[in-house]
Amino acid sequence: MAEKIKKVLLLGSGGLKIGQAGEFDYSGSQAIKAMKEEKLEIILVNPNIATVQTDKGLADKVYFLPVRYEFVKQVIEKEKPEAIMLAFGGQTALNCGLELHEKGVLKKYGIKILGTSIRTIMKTEDRDLFVKELKKIKVKTPKSIAVSSKKQALTMIKKIGYPIIVRAAYSLGGQGSGFAKNQEQLEALLDTAFSYSKQVLLEESLKGWKEIEYEVVRDEYDNCVTVCNMENFDPLGVHTGESIVVAPSQTLNNREYHFLRSVGIKVMKHLGIVGEGNIQFALDPESLDYRVIEVNARLSRSSALASKATGYPLAYIAAKLGLGQKLWRIKNAITQKTTACFEPALDYVVVKFPRWDLNKFRKVNLEIGSEMKSVGEVMAIGRNFAEALQKAIRMLQTGSYGFTDWSFEFKNLAKEIRKPTPRRIFAIAKALEDGWSVKEIAKLSQIDPWFLYKLRQISEYRNEIHNLIKYLKFEKLDKYKSKTIKHIRNIYKKHTAFLIKGVKQKKRAIGILRQAKQLGYSDAQIGWYLMVNEREVRKLRKELGIIPVVKRIDTMAAEFPAKTNYLYFTYNGWENDIKATQKAKNKVVVLGSGPYCIGSSVEFDWCCVNTIRDFRKAGYETVMVNYNPETVSTDYDECDKLYFDELSEERVLDIWDQEKPNGIIISVGGQVPNNLALALNKSGVKILGTDPKNIDRAEDRHKFSSLLDMLQISQPQWKELTSIEKALAFAKKVGYPVLVRPSYVLSGMAMSVAFNKAHLRNYLDIATQISKEHPVVVSKFEVGAKEIEIDAVANQGDVLIYAIGEHIEHAGVHSGDATIALPGQKLYLETIRRIKRITKNIAQALKITGPFNIQFLAKANDIKVIECNLRASRSFPFSSKTTGYNFIKIAAQVMREDNKDEQYNTIDLDYIGVKAPQFSFSRLKGADPVLGVEMTSTGEVATIGDSLEEAFLKSMYAIGFQKPKKSIFVSLGPLEVKLDFISYFERLKALGYRIYATEKTTEVASKRGVKLQLLKLKFPKNQVKDHTQILNQFLSKNIELVINIPKSLNKKGATKGYYIRRATIDGNIPLINNLQVAKLIVRSLEKNPVLKIKSWDDYVDNYH
Amino acid sequence: MKAKLILEDKTVFEGESFGFEKAKTGEVVFNTGMVGYPESLTDPSYRGQILVLTYPLIGNYGIPATDKENGLAKYFESNRAQISGLVVADYSVNYNHWQATKSLGKFLQEQGIPAIFGVDTRALTKKLRSKGVMLGKIIFSADKKKSKLDFRDPNQENLVAQVCVKKPINYKPSKKISGNKYWKKPKRIVVVDCGVKNNILRSFLDFGLEVLRVPYDYDFTKEKCQGIFISNGPGDPMVNQQTIANIAKAFQGKKPIFGICLGNQLMALAAKAKTYKLKFGHRSQNQPCQEIGTSRCYLTSQNHGFVVAKNSLNRDWKPWFINVNDGTIEGIKHDNERFFAVQFHPEAFPGPQDTAWLIEKFVKML
C-alpha cells in the first residue's frame, strides 16, 4: 500500500484553545518526521503560524489556512494528495476529515485515510454507535441514552435516574456537558448541550469512581500494546484534563491493571484502531466493576503526556503504523536497539498538574468538573510521589514554592475539599496542617487515601525541618529574639549566614535536610521554615553534600542502556546516570517556557526549538530545560540533552553545576526564564545575550520610565506608587482613566484600567498583593490611540532586523488579544521613522544583544513607548514567517557572537500577514467575553493574503468566524460608538443584511435615518443568571453574527451587554466585540476578496 | 533499622529495613514490572533470589487476604513468600486497597523475609545489567554476627525440590465450569510441579480439567491422563535430570505436552538441546515475543535466568517464538505440533494476559 502513496495531506489543529493546545504541534511534528523518513511529500494545512510543524524543513508545503472543509477541499483540489492523515490535529482535524468524507471529497479524489478508518472514527465519535459496538464484545459502558430533544430527555431520565451526566455528542473534550442532580439543573444543561449538538447523551453518574486511562498502539496486523497507563488523582467527575494525573497508576494492583489493559486492547482491536488511541475507564474503588468512558481514535493531550512520561514517541509510531508498518519492526528510539513493540517500564513516577488561568476572566465559574477549563499543564518526574508532586506545584509558576505554600485563605475548608477548584490541593494541605485525618479528607474529596497519606507525609515533615533550627546558629538572629516567628519570617531574607553547631548535630541536620529534599521540598520552601533565603539553604546544603543526582528516562527501567539523554533530577538516588561533564566543545543551555497559560504559549516553544536547532547546527552541544509535556522542545531528539525539570533558580543552578556550559539563554522562552535573569546572574551564571542588569532596567517599570525620560522618549505619564493617597492625587492630576500595573508581568496580570477614584483604590489593593518586591506604577491611560509593535534583534545595541506590526484594535486591548497586520497598513511614514529612531535609541541605551520587542502608542505622529521586553515576543514566529527572515536564527547568531553582515528587508512585502487571537470563552462558563488590558485569548492564528481584507478574513475563519448570510445582531454600548458606526449599518444593509439591534442602538440609528430591526431582548429578571431566553431569541431570528461593543468594563455586576455576549458564545454564534474589528469586518464583507489557496512558499519564496 | 545489601563484588547499598530482620543471602535479580509484587514475591521461580523491584513505589496497595480456593491461595502464586529478600526504592507504610488486609512490611515479617527500602534501585539495576546477576546478602546494623553469613549460590542447590509438592495432589475441576465447549467427557492432565504458579493451576481448573499435580521427579508416564504439562520453576534446569528423563520418555508417546518457563528448558533438554544462563535474565512484564512465520508479536510476562541455546535444537524441533529485543528463543515446537513450550508466562499474574490463548490451545488438543 505504502508504495503507491507519494503525497500526504496532514491537517493541523489551528489556534490553541482550551482542550486543544500545543500537544498537536508535538504530534504533527513527529508525524511529519516519521513520514519524511519514508520519503513522502507532506502538505500541511494549519493556520497556527507559531508552531514548529509549520517551519521550513519539515512539511514540503505549508498552507496557513483554516482547517475547515471549504479551505481544505480547495487545497485537495489543488494539491491532489493520495492520502490524508486526520489523527494528528485533534478534534478539529478529525471533524474536518469527517466532513470531507461525508461530502464525498475524499472519495472523489481517491484519497486514502492513513491510520484509523472513517468507520472506526465514527464508531468512537457517535456515542450511540460506540455503546452498541462495545456491547457486541460484552464491554461495559455507562448506562446512557441518546436523546434528540429536551422533551425526550425529560422522559428518558426516568430510566437512569439522578444524578446524571449530560454530554453533547461531537464536542471538544466535554464541551456542553455537566452534572445534574435534579430536573431544574438538567433543563439548564440540556439547553446548552443542544446548542452544540443535535444529539445529547444522558449518562449514569459514576462520581467517586477511579478514572484510569490507557494509551494503546495497534498496527494493522493486530499487534497491540498499551504504552502507558495513567491514574487520575481526582476521581471521576473531574475531566481528565482538569485532573492531577499520575503515571503509571499507583493504587491499582496487578489484577486491576491487567484486567483493564486487556479490556482496552480488546476494545481497540474490535474497533479497528490503527495507530494510536486512548481509552478511559471508570473503576469502582471497591470491586473490579468498571465502565469504559471514552475512546479517542486519535492522538490526544493524554497521548502527548504519555509520550513524555514514558519516552515512547507515540505520534511518530502512530504515523509509521498508519503507513502499514509492523510495530515490532520499528525500533525503540531511546535504546535504538530494542523494538517499539513493548510497553515501557518506568522506574520513576510522573505527576501531571493542570494549569488554570481562571482569575484572568471576569465572572468565570471557578469550580472544575466535567468540562475542561485549564489552559496548559506541567509534568514532573520524581522517584517518589511527594517529590514529583511538589515539583509539579512549583512548575505551575503560580507563585507557590511547594505543597506547603499558598497565599490565600479558605473560608470553608470542607467545601473547598469537596468541590474541586484550582486550589483544592492547597485546601488539602491546609486541612492536613490543621490536623484533619486522611479519612475525613478522603470522604469529602473521594480521593484515594493512598495519595492523601503521601501528602500527609509532606505536610508533617514541615515540623522536622523547622526543628532543624535547633542545630543552626544564625549570625543575625539574636536581635529578633523577642519577636514572633511570623515577624521573623517577614524579615528572613536579612539573615546572611548560618552555621551548624557540632558533629552530631551536623549528622542530624544532614538527615533532615536530605529527607526534606527527598520529599520534594525546594530550597526556598526549606528557607521559609529556617528563616533564611534560598541561596543560604543552597550553600548549606552543598556544604553538607546534599546534591541531587541526574537520572535517565530510558523506557526500560535500566534493563537496556539508553542512547538518548532524556533526564531529570532526583534526591532519591545516589548515582548519576550521566558522567560529569568535560568541557570538550561549546555548550549552551536554553531555558524553555514552562506551562502554556494565557500569555505564554506555543510561540515560545517555537523560539526555543529554533534556538536549539541553530546552535546545534553551529556545532554546539545543546541542552534544553523545560517541563511542558505539550511541547516540541521536550522531544528528546531536538537537543543533545533534555532536562525535563523545573525552571527555577535552584534547578537551573543545579544544571549549571552539572553541565558547565558556556552560557544560558533566557530570552527565548518568554517571561518564566526571563524572570530568572537577575537571580541567576547574581549566582554567577553567564547569561548569553543582553546583560541581565539591562533586562532589569527594561522590566522594572520605574527604571524603564526613568530611562525613557533620560532618552527623551515620550511615554504615558506615570508615577511610582508609594502611597495610595499620592497615587490618587496623581490620577486626579493626569485625569482618568489611568492604568495600574506591577512590574514583571506577562499578559497584564493584575493590570487594570481605573476609570475613577473608587476603581483605583480597589486595584491598588490587588496589585500590591501580587508583587512585593517591585514597585507598582500608575500611568495615564491613552484612549483612542493606535498601538504598534516592533519585533527586533540587536547586537551590542545595533538593531539588525525589525518588523513593525499594527494593531487593528485601538490601544486598551492587550497586545496578546489584538489583531495584528504586518506590515502595518495605515501608518504614516513619519510614524514609522520615529518608531525606528526610538527603537535604535533604546537598543543602544540597553546594549541589547538578542531578541526584543517594543510596544508603542501612536496618536497622529505623537509616539509613546508603553512597554519593552528584552526577550523574544509572542509575535516572533509571525514576524519571522511573514517577513521571510527567521528572527530567532539571527538572535541566536548574535548571542553566540557569530555576526553575519547581512541586510534584511522586512518593510516592502507584496502581501500582508494578519495574526488574530483565538479565544476559548465557550469553554469557560460564565466568563465575560470582552477585550481589555488583561489578556484572555488562549492562542492565535495567522494567515497571509494579497490584501488586508483577504488575510483578515482568512484569519477570522481560522478562529471560528462564519460569514453571515442574512441576519446580524448589533448592540453598541457607548453613544459615540453608535454614532461612529452609523455609516457601517448602511453598508451592511447595502450588502443585503437584515440588522437587528437593541432599543437604544435602533433609536440612535433611526434618528440618523437608518432603520434597524428592533429585537427586544428578554433579559433575566432578579438575580438569576440566565441568558437562555436571549439565546433562544437569537436562534429564532437566525442570528449569524453578533456585534457587541461593551461600555466600561469595570462594573462588577452583570450588565445587559454581558448577557448578550454570553448568549452569543453559548449559542456558538460568532461575536465581534471591538469597534475597529467590526468596521474591518464590514469592509472585508464589502470587498469580498477571493480567499486564495496559496501556500507559504507562494508568498514567501525564500525563508532565511 | 538500617540494613545493607552487600553484593559479591563488595558493593554496598544502604537502606532501611521493613521486613523480617534476619540476614539472608541469595542471587540478586531485578524485575522491571510496575505492578504485581504480591504475585512476584510468592512466585516459586524466585526461590533463592533477592528480588530488586525497579519500579520505585512499592507497597501502595498492601497485601490481600490469604483466602484459598481449591487449596490454592487466591491472590498469590504459591502459599508462601518464596524470595530470599526484597529491595525497593520507596516503600509505602500506609497502603490502601479494598482487598488489602495488611501492609507489605507486615507480610514479609510474618514470612521471615528481609526487605530494604531507600536503595537507589536504578543504580543497582545498572550494575546487575552490566556485570550480570550477582550473589548478595542483606544484613542488619543490629546484627552482631554479620560476618558469619557467606554468599551462597542458590543454583547449586536443588531449588525445585524445595518448592514443589512432596506427594501427588489431585484437583477436581472448578465446580462452576466443569464440562465446557471442547469436550463432553471430563479430561485429566498431569502437571509436573517444578514450582508451578497457582495461576497455571487455576487456568487449567477453570477450563474444567481435572489436574494431577505431581512432584518434579515423579514418574508420571504411567498416569492416566490426556495431556502433560511441565511447569515453571527456579534455578538451573540441568539440576533436574530425573524430570528430563521422564519427559524424554513421554516424548515417545502421543499425548500433548506443554511447557512453560523452566518447563520449556526441560523439554528442550529432553529433546537433547542445550541451555545456558543469561547475563541478567528476563524478568519483566514487557518482553516482546514474535511468533516465527507470522506477523504477530506478543507482550509477555517473564521470569527466567536460563534459556534454550539457539542452534542446539535438533531437526524435529523448531524455535517457535523469538525475543525481538535480544533474539533469544522464547518458545519451541516439535514438528508433530503436539509438543510445545514457551519460555514466557501465558498465565500472567503478574503481567499481560495476551498469550492466554496458548493455554487454550493446549486444552483444545486434549
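The values are calculated or read from the model by the stated rules, or taken from the named source; none is laboratory data. All figures in this text were calculated on a predicted structure; none of them were measured in a lab. Positions of Cβ are generated from backbone atoms using ideal geometry, with glycine treated the same way; all protein chains shown enter the neighbour counts.
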Query - Members of region B:330-363 that are of a type in the set (Gly, Ala, Ser) and within 12 Å of another protein chain (Cβ to nearest Cβ) - result: B:ALA348, B:GLY351, B:ALA356
Requested in this report: Would you check if there is a residue in region B:161-179 being modelled with pLDDT of 95 or more, closer than 21 Å to B:ARG338 by Cα and touching a Pro at 6+ places or on another chain (Cβ under 6 Å)?
Outcome: no
Query raised in the report: Looking at region A:425-447, is at least one residue in contact (Cβ under 8 Å) with a residue 12 or more places away in the chain, away from every other protein chain (no Cβ under 14 Å) and either under 30 Å from A:TYR1058 (Cα atoms) or among the basic types (Lys, Arg) (or both)?
Result: yes
Query raised in the report: Restricting attention to region A:954-982, which residues are within 20 Å of A:THR54 (Cβ to Cβ) and part of a helix (DSSP H, G or I)?
Result: A:LYS954, A:SER955, A:MET956, A:TYR957, A:ALA958
Query raised in the report: Do you know which of the residues in region A:214-242 that are under 30 Å from A:GLN325 (Cα atoms) and among the aliphatic types (A, V, I, L, M) is nearest to the chain's Cα centre (by Cα)?
Result: A:MET230
Query raised in the report: How many residues are charged (D, E, K, R), without any contact (Cβ under 8 Å) to a residue 40 or more places away in the chain and part of a loop (DSSP other than H, G, I, E, B) if we restrict to region B:319-361?
Result: 3
Report task. Select from region A:204-238 the residues that are more than 11 Å from chain B (Cβ to nearest Cβ) and among the polar types (S, T, N, Q) and write down the one among them that is nearest to A:PRO313 (Cα to Cα). Result -> A:ASN232
Query raised in the report: What is the residue count in region B:108-135 for residues that are more than 14 Å from chain A (Cβ to nearest Cβ), under 30 Å from A:GLU286 (Cβ atoms) and among the hydrophobic types (A, V, I, L, M, F, W, C)?
Result: 3
Query raised in the report: Quick one: which of A:GLU409, A:GLU416 is of a type in the set (Asp, Glu), part of a helix (DSSP H, G or I), away from chain B (no Cβ under 14 Å) and surrounded by fewer than 23 Cβ atoms within 10 Å (Cβ to Cβ)?
Result: A:GLU416
Query raised in the report: A:GLY369: of a type in the set (Gly, Ala, Ser) and crowded, with 24+ Cβ neighbours inside 10 Å, yes or no?
Result: no
Requested in this report: Would you point out the residue of region B:15-40, among those that are part of a loop (DSSP other than H, G, I, E, B) and within 19 Å of B:HIS345 (Cα to Cα), that is farthest from the other protein chains (Cβ to nearest Cβ)?
Outcome: B:GLY33
Report summary line: The condition of being at pLDDT below 95, surrounded by fewer than 16 Cβ atoms within 10 Å (Cβ to Cβ), touching a strand residue (DSSP E or B) at 6+ places or on another chain (Cβ under 9 Å) and not in a loop (DSSP other than H, G, I, E, B) holds, among A:LYS1000, A:LYS989, only for A:LYS1000
**Report entry** Residue within region A:890-912 that is at pLDDT 95 or above, more than 13 Å from A:LEU800 (Cα to Cα) and under 28 Å from the mean Cα position of the chain (by Cα) present
**Finding:** yes
Requested in this report: Would you check if B:THR66 is more than 11 Å from chain A (Cβ to nearest Cβ), at pLDDT 95 or above and surrounded by fewer than 18 Cβ atoms within 10 Å (Cβ to Cβ)?
Outcome: no
**Report entry** Single condition B:GLY327 does not satisfy, out of (1) within 14 Å of another protein chain (Cβ to nearest Cβ); (2) among the small types (Gly, Ala, Ser); (3) touching a strand residue (DSSP E or B) at 6+ places or on another chain (Cβ under 6 Å)
**Finding:** (3)
Query raised in the report: Could you say whether any residue in region B:72-80 is closer than 28 Å to B:LYS131 by Cα, of a type outside the set (Phe, Trp, Tyr) and either within 11 Å of chain A (Cβ to nearest Cβ) or not in a strand (DSSP E or B) (or both)?
Result: no
Query raised in the report: Looking at (1) over 21 Å from A:PRO47 (Cβ atoms); (2) surrounded by fewer than 23 Cβ atoms within 10 Å (Cβ to Cβ); (3) of a type outside the set (Phe, Trp, Tyr); (4) in contact with a strand residue (DSSP E or B) (Cβ under 7 Å, 6 or more places away or on another chain), which is the one condition that is false for A:ILE848?
Result: (2)
Report summary line: When region B:81-94 is checked residue by residue, the ones that are part of a strand (DSSP E or B), more than 9 Å from chain A (Cβ to nearest Cβ) and either touching a Phe, Trp or Tyr at 6+ places or on another chain (Cβ under 7 Å) or farther than 19 Å from B:GLY33 by Cα (or both) are B:TYR91
**Report entry** Only one of A:ASP191, A:ASP284 that is in contact (Cβ under 8 Å) with a residue 24 or more places away in the chain and within 14 Å of chain B (Cβ to nearest Cβ)
**Finding:** A:ASP284
Query raised in the report: So which residues in region A:553-565 are surrounded by fewer than 23 Cβ atoms within 10 Å (Cβ to Cβ), within 14 Å of chain B (Cβ to nearest Cβ) and under 32 Å from the mean Cα position of the chain (by Cα), if there are any at all?
Result: A:ALA562
Requested in this report: Hey, can you tell me all the residues within region B:41-57 that are in contact with a helix residue (DSSP H, G or I) (Cβ under 6 Å, 6 or more places away or on another chain), within 13 Å of chain A (Cβ to nearest Cβ) and over 15 Å from B:LYS24 (Cβ atoms)?
Outcome: B:THR54
Report summary line: Selection from region A:854-880 of residues closer than 20 Å to A:ARG701 by Cβ and either surrounded by fewer than 24 Cβ atoms within 10 Å (Cβ to Cβ) or hydrophobic (A, V, I, L, M, F, W, C) (or both) yields A:ILE854, A:GLN855, A:PHE856, A:LEU857, A:ILE863, A:LYS864, A:VAL865, A:ILE866, A:GLU867, A:CYS868, A:ASN869, A:LEU870
Requested in this report: Could you please find all residues in region A:260-281 being more than 8 Å from every other protein chain (Cβ to nearest Cβ), surrounded by fewer than 22 Cβ atoms within 10 Å (Cβ to Cβ), not β-branched (Val, Ile, Thr) and not in a strand (DSSP E or B)?
Outcome: A:LYS266, A:LYS269, A:HIS270, A:GLY272
